[in-house]
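Colleague: Okay, here's the structure, questions in a sec.
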Amino acid sequence: MKKLATTSTLLLAATAMWATTGRTSAADDYLIGLIAGTTGAYGSTGIATVNGSQMAVDEINASATLSGQLYEKLLSEGAIVIAGSPDTGPVTAQLAERHKFPTIGIVDDGGLTVNPDGPKGPPNPWVFDFGLNTFAWGEKIGEHALKHCPDGLAVLHDPSTYGQGGLFGIQLAYDKAGQKIAMDHTITENWSTGATAGLMPEVNAIKAAGIKCVDVWLTPQDQAAFVQDLQSIGYEAIVYGNDETNADDTYSSLAGELADGTITAMLTTELHPSAELAAFREAYKSKFGVEATPFSAGAYDSIKMLAQVIGDVKSTKPENLQKGFNAVKDFKGLTGNIGFSEDNHITINADQITLVKYDSKSKTWVEVSD
């Protein structure tokens, strides 16, 4: 079977990805449009998304999984799906619904981007998210804070659907317990450059209120700046993170020993990897020279599932792919046994993640035991 080369992927204006929705001109080819920002505060997440997708494409092209071949390309004329975006998910989600066109992969970590009315509300019917669910992360962190933060919890978050999704998850836990979040502050960040925000006013406000726990639902760069500000005034508090905190070593490298004790969650499959995930990590490191992340694994799963769906429905028409994804159950992916339904368009839930704490001595994230 003839192999096709792929092109490297950069951030592209989302509207340019929707030029056409038909098949490619080559009869045996399938084109995937991939959107992923590879610079700025979340650049490493975009790179992981690109790399994970590329690995799946390469494997499929080298096998007989489909009668045709899959390849990625920036110019998405003729694409059968759009994959992404990790950092502009709300835009791609809106376009998916407007054009009635499937969007898969890492789509802003699910949450409010996929379910605008919350986890019990209907999902965007055209978005199938393989990212790390902000609802699930937030709720898991909220449950821990309720047990260990008698003086209340402060939440610092960005104003996007990403930050609001994390807050929503935390609020779910607090609502169930009949409790209120002690402090809720919105922080405007610089995602384009990763420059840190000025957080000292929030640090001082938390100290003045006597709050001993804070979830810093911000970029890894701002999380590191926050713990440095805490140290500068000699104030101790339990610091919680988000799904980006431990996705790679950005936060732990910037914060150093001050990252010790930071609590967040991670996929249980990442904590206890299967043989398949271990092999993927090894191959990924060999190919790209960096460690794999849960975003690369999720992106990989999305392309692999797409291949299965095309085989199942024997079509690349948007409405048939939509039906095909909704019918997938117990797909054995790197991120676990995953699937979708008409009511659920996020693969990851709270039962699939485990709370972890950073240990600066071993430079690892270890399971929280209490």
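Colleague: Given Cα pairs under 8 Å that are at least 6 residues apart, what percent is the relative contact order of the chain?
Modeller: Working: 802 pairs, mean separation 65.8, N = 370.
18 percent.
Colleague: Given a Förster distance of 41 Å, report the FRET efficiency between LYS323 and GLU257 from their Cβ-Cβ distance, rounded to the nearest 0.05. Walk me through the intermediate numbers first.
Modeller: On the way: r = 52 Å, r/R0 = 1.27.
After rounding to 0.05, the efficiency reads 0.20.
Colleague: Normalising by the residue count of segment 31-186, find the relative contact order in percent from Cα pairs under 8 Å and 6+ residues apart. All intermediate terms of the calculation are to be shown ahead of the outcome.
Modeller: On the way: 284 pairs, mean separation 27.6, N = 156.
Once normalised by length, the contact order is 18 percent.
Colleague: Now a separate question. What order do you get for 36-46, 102-112, 223-233 when each peptide is scored by the mean count of other beta carbon atoms within 10 Å, highest first?
Modeller: Values: 36-46: 22.9, 102-112: 29.8, 223-233: 19.8.
So the peptides 36-46, 102-112, 223-233, ranked by packing, come out 102-112, 36-46, 223-233.
Colleague: Right, here's the next one. I'd like the orientation of helix 294-313 relative to the chain: the angle between its Cα long axis and the longest Cα principal axis, in ° from 0 to 90, rounded to 10.
Modeller: It works out to around 30 degrees.
Colleague: As an exercise, use a Förster radius of 41 Å and the Cβ-Cβ distance of GLU291 and SER341 to find the FRET efficiency, rounded to the nearest 0.05. Write out the running numbers ahead of the final one.
Modeller: Values: r = 33 Å, r/R0 = 0.80.
So, using R0 = 41 Å, E works out to roughly 0.80.
Colleague: Now, a different point. Which residue, THR193, THR269, THR245, has the most motion in a Gaussian network model of the chain that connects Cα atoms within less than 10 Å?
Modeller: THR193
Colleague: Here's a follow-up. Kirkwood-based Rg over Rh for segment 191-340 (C-alpha set), two decimals?
Modeller: Values: Rg = 20.2 Å, Rh = 18.1 Å.
Using Cα coordinates only, the ratio equals 1.11.
Colleague: Return the loop-located GluC sites (Glu not before Pro) in segment 288-357 (DSSP other than H, G, I, E, B) with at most 15 other Cβ atoms within 10 Å of their own Cβ; answer none if there are none. Walk me through the numbers before you get to the answer.
Modeller: Details: sites: GLU291, GLU319, GLU342; in loops: GLU291, GLU342.
Listed in order of number, the matching sites are GLU291, GLU342.
Colleague: Mind checking the log10 I(q)/I(0) for segment 254-370 at q = 0.13, 0.19 Å⁻¹? Debye, one equal scatterer per Cα, no solvent, two decimals.
Modeller: The Debye formula, applied to the Cα set alone, gives -0.63, -1.07.
Colleague: So for the chain: antiparallel DSSP bridges make up what percent, rounded to the nearest 5?
Modeller: Expressed as a percentage, antiparallel bridges in the chain total about 30.
Colleague: Just want the ordering: HIS272, HIS345, from fewest to most Cβ atoms lying within 10 Å of their own Cβ. Mind showing how you got there, number by number?
Modeller: On the way: HIS272 10, HIS345 23.
Ranked by crowding around the Cβ, least crowded first: HIS272, HIS345.
Colleague: On to the next question. Sort TRP217, TRP191 so that the residue with the fewest other Cβ atoms within 10 Å of its own Cβ comes first and the one with the most comes last.
Modeller: Working: TRP217 31, TRP191 20.
Ordered by Cβ neighbours within 10 Å, fewest first: TRP191, TRP217.
Colleague: Another question, if that's okay. Taking Cα centroids, how far is segment 237-279 from segment 281-305 in Å?
Modeller: 17 Å
Colleague: Just want to confirm a number: the relative contact order over segment 234-370, from Cα pairs under 8 angstrom separated by 6+ residues, in percent. Don't skip to the answer; put the middle values down first.
Modeller: Values: 154 pairs, mean separation 38.6, N = 137.
In percent, rounded to a whole number, it is 28.
Colleague: Also, quick follow-up: Charges at C-beta only: +1 for Lys and Arg, -1 for Asp and Glu. How large is the resulting dipole of segment 247-370 about its Cα centre, in Debye rounded to 20? Write out the running numbers ahead of the final one.
Modeller: Details: 12 positive and 18 negative charges, 113 e Å.
The dipole of segment 247-370 has a size of about 540 debye.
Colleague: Sticking with this one: Per 20 Å bin from zero, what fraction in whole % of the C-alpha pairs of the chain is there, up to the bin with the longest pair?
Modeller: 31, 56, 13, 0
Colleague: With the Cα gyration tensor of segment 116-251 giving a ≥ b ≥ c as the square roots of its eigenvalues, does the rule (a/c under 1.5 for rounded; else a/b larger than b/c for prolate; else oblate) give rounded, prolate or oblate? Can you show the working numbers first?
Modeller: On the way: a/c = 2.04, a/b = 1.26, b/c = 1.61.
Because a/c hits 1.5 or more and a/b fails to exceed b/c, segment 116-251 counts as oblate.
Colleague: Quick check on the exposure proxy: order GLU236, GLU59 from fewest to most C-beta atoms within 10 angstrom.
Modeller: Values: GLU236 10, GLU59 17.
Final ranking by Cβ density, sparse to dense: GLU236, GLU59.
Colleague: So which trypsin sites (Lys or Arg not before Pro) in segment 98-128 pass both tests, a DSSP loop state and at most 15 other Cβ atoms within 10 Å of the Cβ?
Modeller: Numbers: sites: ARG98, LYS100, LYS120; in loops: LYS100, LYS120.
Answer in residue order: LYS100, LYS120.
Quick note: the coordinates plus some simple rules give every number you see, no bench work behind them. Since the model is a prediction, treat every value here as computed from it, not as a measurement. No Cβ is skipped: glycine too gets one built from the backbone with ideal geometry, and neighbour counts run over all protein chains shown.
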